[in-house]
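Just so it is clear, none of the values below were taken in a lab; they were calculated from the coordinates. No experiment lies behind these values; they were computed from the predicted model shown. For neighbour counting, all protein chains shown are included, and Cβ atoms are generated from backbone atoms with ideal geometry for every residue, glycine included.
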Amino acid sequence: MDSYLLTQNRDQINQQNSIHFLEEGKVLFFPEYFFREVAPDLMTETILDGSRKNISYDPSYKRMSAYKKESGLGSKLTHMMQGYADFSYQLIQATLPSYAPYLRWGRTSFRPAQIDGRLSSKRKDDRRLHVDSFSASPVHGLRILRVFCNINPNEEPRTWNLGEPFPQVLERFASQISPYNMFKARVLKLLKITKTLRSAYDHYMLHLHDKMKLDDGYQAQVQKVQVNFPARSTWIVFTDQVSHAALSGQHLLEQTFYLPVEHMLNPNSSPLRQWQKIRPEV
Ligand code: SIN
Ligand code: FE
């Protein structure tokens, strides 16, 4: 399991190692560092609106979605989400300082629902190994960098599987993916299925995500390792690169950032550059 994680102590961070191993596809793991400003009355699934599984907050516009307005917990929730957004940014400043000036804010997400036993289609099932790609929100080559914190109050770990390295995933699936079609991308945009034009990169990443999740043989046979992130721990990972699956756990905070590849230490390790080697239109 250790070869998948780089364990760091928040008070003694090795920045050189952090950036190097993160970009190589390891998870930066802080076993004893976590976000403390969690109100106990927010730790309930009943705060979710309808069938939604996550509450999402936009730190740029200070807007919250998918929580039950009648709960009366709106301002406490906003406080927690904004606090977690700040916590995440500060952790990146301390750990990966060269990224900090170039990061773009994504959403803050609170996941108060238990994962285990959840029903969903294979494509939407994050219990199956995948790399992240968003069908409606193209990233145009930006890296997806996420900060996770397990805030479970009952000592329940967040259990993940981690799969094979990105070059191997690509090697296995790239040739099965049909070429990008700009006309189709324009139609998707026109129909508002995507928020902006789906780029060639987004097309290939989304199909990679789907191919991985839909392949039962792959899911069963690929080499993987189970990792338990304990309650009150934090981890940082490029989820567009690292094969991951969330098997069980409840009560998680997550902050998404986007990073242009040119601000990486080694842009060649990015999925974008790896796709460009095999598909010239990316
Ligand atoms: C995922 O990004 O696939 C889910 C992670 C989690 O909720 O633990
Ligand atoms: Fe994911």
Report, ordered by chain and residue number, the aspartates and glutamates lying within cross-link reach of residue 213, taken as a straight Cα distance under 20 Å and ignoring same-chain residues fewer than 8 apart.
-> 116, 125, 126, 132, 164, 171, 202, 240
Amide H contacts of residue 107 (H built 1.01 Å from N, under 5 Å, at least 5 apart or other chain) | 256
Formal net charge of residues neighbouring residue 253 (Cβ-Cβ distance under 11 Å; K, R +1; D, E -1) = +1
With residue 58 itself left out, Lys, Arg at +1 and Asp, Glu at -1 over residues whose Cβ is under 15 Å from its Cβ give +3
Let me know the Rg and Dmax you get for the stretch 110-210 when you use only its Cα atoms, in Å.
-> 16.1, 51
Which listed pairs, of 26/224; 76/124; 69/122; 211/277; 69/124, have C-alpha distances above 24 Å, in listed order | 76/124; 69/122; 69/124
The stretch 1-101: relative contact order from alpha carbon pairs under 8 Å, six or more residues apart, as a whole percent, is 26 percent
From the backbone phi of the stretch 211-227, what are the Karplus-calculated ³J(HN,Hα) couplings (6.51 cos²θ - 1.76 cosθ + 1.60, θ = phi - 60°) in whole Hz, Gly and Pro given as x?
-> 4, 4, 5, 7, 8, 4, x, 4, 4, 6, 9, 5, 5, 8, 9, 8, 10
Based on the Cα gyration tensor of the chain, what are the three equivalent ellipsoid semi-axes, each the root of five times an eigenvalue, rounded to whole Å and given largest first?
-> 28, 23, 20
Going residue by residue through the stretch 16-25, the Karplus relation 6.51 cos²θ - 1.76 cosθ + 1.60 with θ = phi - 60° gives ³J(HN,Hα) values, rounded to whole Hz and with x marking Gly or Pro, of 4, 5, 4, 5, 4, 6, 4, 5, 6, x
For the stretch 19-137, what is the convex hull volume of its Cα atoms per residue in Å³?
-> 151 Å³
Could you grab the relative contact order for the chain? Cα pairs under 8 Å, six or more apart, rounded to a whole percent.
-> 31 percent
Env charge @ residue 45, Cβ radius under 12 Å, K,R +1 / D,E -1, value +4
